[in-house]
Amino acid sequence: MTTPDVTAMPAPLVQGDPREVADGVFVIPDQRNPAVPNIGIVVGDRAALVIDTGMGPRNGAYVLDHAKRLAGDRQLYLTITHYHPEHGFGAQAFRGSATIVYNGTQHRELQRKGADDLAMFKGFAESIAAELADVEFVDPDITYDGELRLDLGGRTALLREWRPAHTHGDQTVLVDGNLLFSGDLAVTRMFPIVPYMMHGPHDTDSDGNHWIDILDQLLALAPQIVVPGHGEVTDVSVLHEDRAFLAHIRDRVAELKAAGVPFEEAASQLGNEAASRWTTWDRGEFIAPTVLAFYGSPEASA
Ligand SMILES: [Zn+2]
């Protein structure tokens, strides 16, 4: 099965200062480091919300320092867009300093798959293993199902769970109805990551068809600014682009499957097609798992 190309991966360190992308909304950009997510800090009159932690306690502490500096004596909340290591495995740094909020699905998914992911990511690179060496999993202080509205004082963050798509418990955060933290449901200038069976044949939690439905619902929200899980902060166009890619693979897989083309051949053909159509996108290694997700049959991966 395809694994991320980490041979040239820089150390997984959150770096740089938060940038204000809208009034009271800050992002520590990922700088296109694939092992670092975009991190959000939303500051209201009374409270501030941190979105994602970076990988491991050292990155978590770095993010917490920036959050404390921006938030002053305001109450702090932490949430994560999904349980994946670079998004949530720094949460332990926030224990005692922030109220940790996850959706119930996300929390159960972390309990179910966190240890496996930890072992898998440690195998990717020494620099990743070093950041993950002292990870402890943290239970949230608050869990919710469906939606949770956090009133930060003059600024509202709407947390919403979507399942399943990139993971089983993806979460978006919509700030004041017009700025969307999409997590990995949208990524800028790179192929969406559909990690189908990347943990082995039992791992069928990601769902490309439902992902397309979710992108339609996110498009209906018409956010003005979109902070993707990875890649540059952008606008609603990223939702259109990622939807177009997923729908293209869905439709081509349907055609090739109907013609009896086996998975390996389809993955190769669609990989070449996608690489020549989306020439500016990184992470081409994630096209094949996307094809497999739409093939949807364990036997097809043999
Ligand atoms: Zn992810």
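How about the stretch 94-115: which of its residues are touching a Lys or Arg at 6+ places or on another chain (Cβ under 8 Å) and assigned to a helix (DSSP H, G or I)?
THR105
Show the residue pairs that are 6+ apart or on different chains and have beta-carbon atoms under 8 Å apart, the first residue being within the stretch 120-134 and without any contact (Cβ under 8 Å) to a residue 60 or more places away in the chain and in a helix (DSSP H, G or I), the second being buried (at least 19 other Cβ atoms within 10 Å of the Cβ) and aliphatic (A, V, I, L, M).
LYS122/ILE128; LYS122/LEU132
Is the stretch 183-194 home to any residue that is away from the ligand (no atom under 16 Å from the Cβ) and assigned to a loop (DSSP other than H, G, I, E, B)?
Keep residues of the stretch 183-194 that are away from the ligand (no atom under 16 Å from the Cβ), which gives 189.
If we keep only those that are assigned to a loop (DSSP other than H, G, I, E, B) as well, we get 189.
The answer is yes, given that some residue of the stretch 183-194 is away from the ligand (no atom under 16 Å from the Cβ) and assigned to a loop (DSSP other than H, G, I, E, B).
Condition check: surrounded by 20 or more Cβ atoms within 10 Å (Cβ to Cβ) and either β-branched (Val, Ile, Thr) or closer than 19 Å to THR99 by Cα (or both). Does LEU150 satisfy that? Talk me through it step by step, then tell me what you get.
On the way: surrounded by 20 or more Cβ atoms within 10 Å (Cβ to Cβ): yes; either β-branched (Val, Ile, Thr) or closer than 19 Å to THR99 by Cα (or both): yes.
Here the answer is yes, as LEU150 does meet what is asked.
How about the stretch 148-179: which of its residues are without any contact (Cβ under 8 Å) to a residue 60 or more places away in the chain and among the small types (Gly, Ala, Ser)?
ALA165, GLY177 - these are the residues of the stretch 148-179 that are without any contact (Cβ under 8 Å) to a residue 60 or more places away in the chain and among the small types (Gly, Ala, Ser).
I'd like the residue in the stretch 52-89 that is among the hydroxyl-bearing types (Ser, Thr, Tyr) and within 16 Å of the ligand (Cβ to nearest atom) and, out of all such residues, is nearest to TRP162 (Cα to Cα).
Kept after step one, since they are among the hydroxyl-bearing types (Ser, Thr, Tyr), are these residues of the stretch 52-89: 53, 62, 77, 79, 81, 83.
Add one more test, that the residue is within 16 Å of the ligand (Cβ to nearest atom), and what stays is 53, 79, 81, 83.
Numbers: THR53: 20, THR79: 15, THR81: 10, TYR83: 13 Å.
Once the filter is applied, the top-ranked residue is THR81.
I'm trying to understand the selection: among the residues of the stretch 136-182, which are within 16 Å of the ligand (Cβ to nearest atom), of a type outside the set (A, V, I, L, M, F, W, C) and assigned to a strand (DSSP E or B)?
GLU161, ASP170, GLN171, THR172, SER182
Could you please find all residues in the stretch 1-32 being surrounded by fewer than 14 Cβ atoms within 10 Å (Cβ to Cβ) and at pLDDT below 95?
Within the stretch 1-32, THR3, THR7, ALA8 qualify.
Any residue in the stretch 81-104 that's charged (D, E, K, R): show its pairings with residues that are outside any helix (DSSP H, G or I) and within 15 Å of the ligand (Cβ to nearest atom) at Cβ separation under 7 Å, as long as the two are six or more apart or on different chains.
Listed pairs, sorted by first residue: GLU86/PRO12; GLU86/ALA35; GLU86/VAL36; GLU86/PRO37; GLU86/GLY54; GLU86/MET55.
For the list (1) surrounded by 18 or more Cβ atoms within 10 Å (Cβ to Cβ); (2) more than 25 Å from GLN224 (Cα to Cα), I need the number of the one condition that MET190 fails.
Failing condition for MET190: (2).
Which of the residues spanning the stretch 120-159 are farther than 19 Å from ASN59 by Cβ and hydrophobic (A, V, I, L, M, F, W, C)?
Result: ILE142, LEU148, LEU150, LEU152, ALA157, LEU158, LEU159.
So, PRO85, is that one closer than 19 Å to PRO228 by Cα, modelled with pLDDT under 95 and not polar (S, T, N, Q) or not?
no
Taking into account only those residues within the stretch 28-39 that are more than 15 Å from the ligand (Cβ to nearest atom) and of a type outside the set (Val, Ile, Thr), which is farthest from the chain's Cα centre (by Cα)?
The extreme case among them is GLN31.
The values are calculated or read from the model by the stated rules, or taken from the named source; none is laboratory data. Every value quoted in this text rests on a predicted model; they were computed, and no experiment measured them. Cβ atoms come from the backbone with ideal geometry, glycine included; neighbour counts cover every protein chain shown.
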